[in-house]
Amino acid sequence: MKKILVLLLTLSLVLLLVAACGGGGKEAPGGDMDPNAAAGKALFEQTTLEGNPGCVTCHSIEPGKTVVGPSMAGIASKGEDFIRESIVNPDADITEGFPAGTMPQDYGQKLSEEQINQLVAYLMTLK
């Protein structure tokens, strides 16, 4: 009986860890995430990014979950241009209920064009 309990607890812990590490980004049809989007996901998940707090520090990808900034769930519906502008000029269009100036204003200068493209590609998977 004790072995079964230990086995069940271990299995529960493994399932919990797998769920916690699941990410939340939707993969492209065909199974694997596009390499550009995968690189963007890795950038998004960094706790620091070019000397600033990383995206994941302030933004959730879970619907309705607010950290410091708005959730990124469903951001793809706003389109690539909106996402790009929000990264390089974050005060251009402030989500209602959030103050201007909270997001670092210098990602457009600190991130390379490739990094911005990767972040946009990843965020476009969040439908």
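Only the coordinates and a few stated rules stand behind these numbers; no lab work does. Small disclaimer: the values here were computed from a predicted structure and weren't measured. Cβ atoms come from the backbone with ideal geometry, glycine included; neighbour counts cover every protein chain shown.
With R₀ set to 35 Å, the beta-carbon distance separating Glu96 from Ala42 gives a calculated FRET efficiency near 0.70. With a cut-off of 17 Å on the backbone N, the residues of the range 41-81 near the modelled label site 7 Å out from Val88 along Cα-Cβ are 79-81.
Write down the Å³ per residue value for the convex hull defined by the alpha carbon atoms of the range 25-123. Present the calculation step by step, with values, prior to reporting the outcome.
On the way: hull volume 9.4 nm³, N = 99.
Roughly 95 Å³ of hull volume per residue.
Other residues lying with their Cβ under 13 Å from the Cβ of Ala100 contribute a combined charge of -3, Lys and Arg counting +1, Asp and Glu -1. Residues Phe82, Phe44, Phe98, ranked from the fewest to the most other C-beta atoms within 10 Å, line up as Phe98, Phe82, Phe44.
Among the GluC sites (Glu not before Pro) found in the range 86-127, those both in a DSSP coil and sparsely packed, with 13 or fewer other Cβ atoms within 10 Å of their Cβ, are Glu96.
Fully extending the segment from Val68 to Asp32 would add 9.9 nm, taking 0.36 nm per residue of separation and subtracting the current Cα-Cα distance.
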